[in-house]
Amino acid sequence: MAPGNLTPVTEFILMGVSGRPELQIPLFFVFLVIYGLTVAGNLGIITLTSVDPQLQTPMYFFLRHLAIINLGDSTVIAPKMLVNFLASKKTISYYGCAAQLGGFLVFIVAEIFMLAVMAYDRYVAICNPLLYMVVVSPQICLLLVSLTYLYSLTTALTVTSCVFSVSYCSSNVINHFYCDNVPLLALSCSNTYIPETVVFTSAGINLLFSMIIVLISYFNIIFAILRIRSSEGRQKAFSTCASHMMAVTVFYGTLLFMYLQPRSNHSLDTDKMASVFYTLVIPMLNPLIYSLRNKDVKDALKSFLNKPCQSFKFM
């Protein structure tokens, strides 16, 4: 219950990316293009990896689920954000805010661990190629993806319930373009020690654990590539994981910039800019990163565009 006579909040106001009225329409079109490209690119990856017989491997199975996660992450954030650019009253209901936070956490945690799973997949492919189809069997792939979704859902429910277990009263203006836990907790009129501890502990453990998997995998991959004698062999081995390395670098680089900057330089405005990048820009870039540097995906796209009806017979 809210303390004293303060009225509990029933809706929140999202300040958005910028509070300047003259920027609302231009920003609407910028983010509409970003979201449109995100939907088209990720749906393209999902379709190609589902219908093309050459893309029925563990690597593309994981890539398909990364595309599903990227599409989900953007869709939780972008539609409401676009509506608010045009709305005079930029509100979101209390339960709508909780649902948006929960959805965001499901997909961001799933992305963190899907990138770790993909790093492990590349490690096995390059360091233990003879055992690849045994170690990364269809059953193991399904298990890894299922555990990723189950863990991200459990994390989202735990963190969201903690964030919304405190009281919100009087102030309801969120200095963000979506319902995120840090600016939300800043509005609470009750003790936030426990939810803040849960939020930062969860974020720290998830980032640390997934980064350890990624770093160990890529250290082993790099050493394995350096041991290959022929330059052609090294180039072929590197090309199989170059796209994933680029995606991992961009994603973790943004998160580390956000979480490791000095507290004196830390601000909610900086968080907003970083959030734009990993919730909207990275999901748009990932399909480009994986398709532009991947011959198999480009060949599958050409084949699909030439004979779209025939491609769907493989589904």
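The values are calculated or read from the model by the stated rules, or taken from the named source; none is laboratory data. Remember, predicted model here, so these are calculated numbers, not experimental data. In this analysis, Cβ positions are derived from the backbone assuming ideal geometry, glycine residues included, and neighbour counts consider all displayed protein chains. Quick note on the areas: whole protein, heavy atoms, side chains included, nothing else; ligands and nucleic acids left out. Shrake-Rupley method; radii C 1.70, N 1.55, O 1.52, S 1.80 Å.
Can you list the aspartates and glutamates whose alpha carbon sits under 15 Å from that of Lys89, skipping same-chain ones fewer than 8 residues off?
Partners within reach: Glu11.
Given a Förster distance of 30 angstrom, what is the FRET efficiency for Leu288 paired with Glu232, based on the Cβ-Cβ distance and rounded to 0.05? Don't skip to the answer; put the middle values down first.
Values: r = 27 Å, r/R0 = 0.89.
That gives a FRET efficiency of 0.70.
Mind checking the range 139-247 for trypsin sites (Lys or Arg not before Pro) that DSSP puts in a loop (not H, G, I, E or B) and that have at most 10 other Cβ atoms within 10 Å?
Values: sites: Arg227, Arg229, Arg234, Lys236; in loops: Arg229.
Qualifying residues, ordered by number: Arg229.
With contacts defined as alpha carbon pairs under 8 Å and 6 or more residues apart, what's the relative contact order of the chain in percent?
Working: 365 pairs, mean separation 92.4, N = 315.
After rounding, I find 29 percent.
Calculate the FRET efficiency for Leu142 and Leu185 from the Cβ-Cβ distance with a Förster distance of 35 Å, rounded to the nearest 0.05. Show your work: numbers first, answer last.
On the way: r = 37 Å, r/R0 = 1.04.
Between Leu142 and Leu185 the formula returns 0.45.
Using 0.36 nm per residue, how much length does the chain from Asp299 to Ala242 gain when fully extended, once their Cα-Cα distance is taken away?
Contour length minus Cα-Cα distance gives 18.7 nm.
To the nearest 500 deg cm²/dmol, what mean residue ellipticity at 222 nm is calculated for the chain from DSSP H runs of n ≥ 4 alone, each contributing -39,500 (n - 2.57), summed and divided by the residues?
Values: 12 runs with 227 residues, N = 315.
Result for the chain, helices only: -24500 deg cm²/dmol.
What length, rounded to one decimal in nm, is gained on full extension from Ile216 through to Thr249, with 0.36 nm per residue of separation minus their alpha-carbon distance?
Details: separation 33, 0.36 × 33 = 11.88 nm, distance 1.44 nm.
Gain on stretching Ile216 to Thr249: 10.4 nm.
Straight-line reach from Lys302: which aspartates and glutamates have Cα under 18 Å away, leaving out those fewer than 8 places along the same chain?
Asp52
State, as an integer percentage, the relative contact order of the range 132-194 based on alpha-carbon contacts under 8 Å between residues 6 or more apart.
On the way: 29 pairs, mean separation 18.6, N = 63.
Relative contact order for the range 132-194 comes out at 29 percent.
Hey, got the dipole for the chain? About the Cα centre, +1 on K and R Cβ, -1 on D and E Cβ, debye to the nearest 20? It would help to have the intermediate numbers written out before the result.
Details: 18 positive and 13 negative charges, 168 e Å.
For this selection, approximately 800 debye.
Determine the share of the range 157-267's accessible area contributed by carbon and sulfur atoms, expressed in whole percent, with a 1.4 angstrom probe. Please report the intermediate quantities before stating the final value.
On the way: 3990 of 6000 Å².
Here it works out to 66 percent.
Could you calculate the FRET efficiency of Val135 with Leu256 from 1/(1 + (r/R0)^6), where r is the beta carbon distance between them and R0 is 35 Å, rounded to 0.05? Can you show the working numbers first?
Details: r = 30 Å, r/R0 = 0.84.
In this case the efficiency is close to 0.75.
Mind checking the per residue accessible area of the range 1-150 for me, 1.4 Å probe, whole number of Å²? Show your work: numbers first, answer last.
Numbers: 6880 Å² over 150 residues.
Value returned for the range 1-150: 46 Å² of accessible area per residue.
Decide, for the chain, between rounded, prolate and oblate: order the square roots of the alpha carbon gyration tensor eigenvalues as a ≥ b ≥ c, take rounded if a/c falls under 1.5, and otherwise choose prolate if a/b is larger than b/c, else oblate. Write out the running numbers ahead of the final one.
Details: a/c = 2.19, a/b = 1.69, b/c = 1.30.
Cα axes put the chain in the prolate bin.
Taking a ≥ b ≥ c as the square roots of the Cα gyration tensor eigenvalues, with a/c under 1.5 meaning rounded and otherwise prolate when a/b beats b/c, else oblate, which class fits the range 1-142? Kindly include the intermediate steps, with their values, before the conclusion.
Details: a/c = 3.64, a/b = 1.98, b/c = 1.84.
Because a/c hits 1.5 or more and a/b exceeds b/c, the range 1-142 counts as prolate.
When the Cα centres of the range 97-159 and the range 273-297 are compared, how far apart do they sit, in Å?
18
If a helix is a whole DSSP H run, which ones in the chain reach 30 Å or further along their own axis (Cα) and hold a mean Kyte-Doolittle hydropathy of at least -0.5?
Working: long enough: 24-51 (40 Å, 1.79); 58-86 (42 Å, 0.97); 94-127 (50 Å, 1.42); 138-163 (37 Å, 1.42); 193-227 (50 Å, 1.63); 231-260 (39 Å, 0.51).
Length and hydropathy pass: 24-51, 58-86, 94-127, 138-163, 193-227, 231-260.
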